[in-house]
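The values are calculated or read from the model by the stated rules, or taken from the named source; none is laboratory data. Predicted, not measured: the structure shown is a model, and the values here were computed from it. Don't worry about glycine lacking a Cβ; one is built from the backbone with ideal geometry, like all the others, and counts go over all protein chains shown.
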């Protein structure tokens, strides 16, 4: 569920009219519902209440300082993949002691920075990285807390670009190699503290089955490591999917109640019900690393229609947002529901392509989709844009980045100003 719905004919984010935000702040414009983010965090926290746990928000999904501060205030930890993300977390009031550092290519500067700040654990992706981590920590006179990422070779059945748990993916260490690697690290790497084990099989999973398969496969390995090493946590990763199709309707409790169990996507309640019994007897802290689940349905991208172009083969609605603002459709065919900010008077639909101004044929938000009609000057919302939207935005075609607004109840505030043309060349010579 989320905070976006029509009220008196106008799409709202919580209590704020999105037409008014577009008029005040311009478009393209990202808008986030703070209430939705908090609600999703609290529901996930409750679903895992049967085991000791910590929710480490995956900063890469949306790294705005105000979003990070909102989650830090809820008691979230953070899953980071760069020194820059750690810097952001600290600036937002988070603590390095509640951060895990993932990623296959950590640099010396990043490792040093994280060690100096007191990182909770490095999620190590290879034997070579573990050796290098030991070397850098030794040069600093420190011990590096670490958890090796195991690749359980489980097919998450998601898009190939966001699958991470199979043997051909670049992430993690082969399942069979983990016991020997831990034994060698304990014997030969004096500057490594083996603190836990980590896994993550992929993103946008809408079935519970891959999660169950991965947990059941790795539990015996966890028990083996507990017997031989003083590990204190097991990170089971993130990957919980969200609703992209029919995402506006899914904001209401009525929509969820009207669907049969077979029609519903994976709910967080079922996630907890299935996994907690499989985890509670381990006696370890369970780390979870959600990103999309917390912020994905909490954000929209507002864009204004510039032109309508009718050709022999297609009708194009040309809007002022482009693939530089939201790249998911171009990058991996990501679906975003597109809805007018003014509620349609009829159920009539027109088949159109919604495209942006970027000089690329891949600059589209949908193709051959039946949508409520909208016209030049009118605004639409690209739903479910809170994750991997602004975080992946760029200045391609020398386009300034859009502004971001956070809504909390009836209050809305700019949490990132729109870039100016002067901002585009700052730092250049």
Check your understanding: In segment 55-73, is there at least one residue being touching a helix residue (DSSP H, G or I) at 6+ places or on another chain (Cβ under 6 Å) and at pLDDT below 95?
Key -> no
Check your understanding: In segment 329-353, how many are touching a strand residue (DSSP E or B) at 6+ places or on another chain (Cβ under 9 Å) and closer than 17 Å to residue 30 by Cβ?
Key -> 6
Practice item. Considering every residue within segment 144-151, establish whether at least one is crowded, with 17+ Cβ neighbours inside 10 Å, at pLDDT below 95, touching a helix residue (DSSP H, G or I) at 6+ places or on another chain (Cβ under 8 Å) and more than 26 Å from residue 230 (Cβ to Cβ). Key: no
Exercise for review: Please work out if residue 86 is in a helix (DSSP H, G or I) and in contact (Cβ under 8 Å) with a residue 24 or more places away in the chain.
Suggested key: yes
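Against the definition (farther than 17 Å from residue 290 by Cβ, surrounded by 15 or more Cβ atoms within 10 Å (Cβ to Cβ), in contact with a helix residue (DSSP H, G or I) (Cβ under 6 Å, 6 or more places away or on another chain) and outside the structural domain of residue 418 (by TED's automatic domain parsing)), how does residue 92 come out, yes or no?
Taking the combined requirement at face value, the residue satisfies it.
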Exercise for review: Collect the residues in segment 358-388 that are touching a helix residue (DSSP H, G or I) at 6+ places or on another chain (Cβ under 9 Å), closer than 12 Å to residue 317 by Cα and buried (at least 24 other Cβ atoms within 10 Å of the Cβ), keeping them in residue-number order.
Suggested key: 365
Review point. Where residues in segment 103-117 are part of a loop (DSSP other than H, G, I, E, B) and at pLDDT 95 or above, which of them is surrounded by the most Cβ atoms within 10 Å (Cβ to Cβ)?
Key: 106
Point to revise | Within segment 196-212, considering residues that are in contact (Cβ under 8 Å) with a residue 60 or more places away in the chain and surrounded by fewer than 21 Cβ atoms within 10 Å (Cβ to Cβ), the one nearest to residue 141 (Cα to Cα) | key: 212
Review point. Can you tell me which residues in segment 402-429 are farther than 17 Å from residue 22 by Cβ and surrounded by 15 or more Cβ atoms within 10 Å (Cβ to Cβ)?
Key: 408, 419
Review point. Is at least one residue of segment 368-380 assigned to a helix (DSSP H, G or I), closer than 23 Å to residue 22 by Cα and touching a residue at least 40 places away in the same chain (Cβ under 8 Å)?
Key: no
Practice item. State yes or no: is residue 286 modelled with pLDDT of 95 or more, in the same structural domain as residue 196 (by TED's automatic domain parsing) and closer than 30 Å to residue 102 by Cα? Key: yes
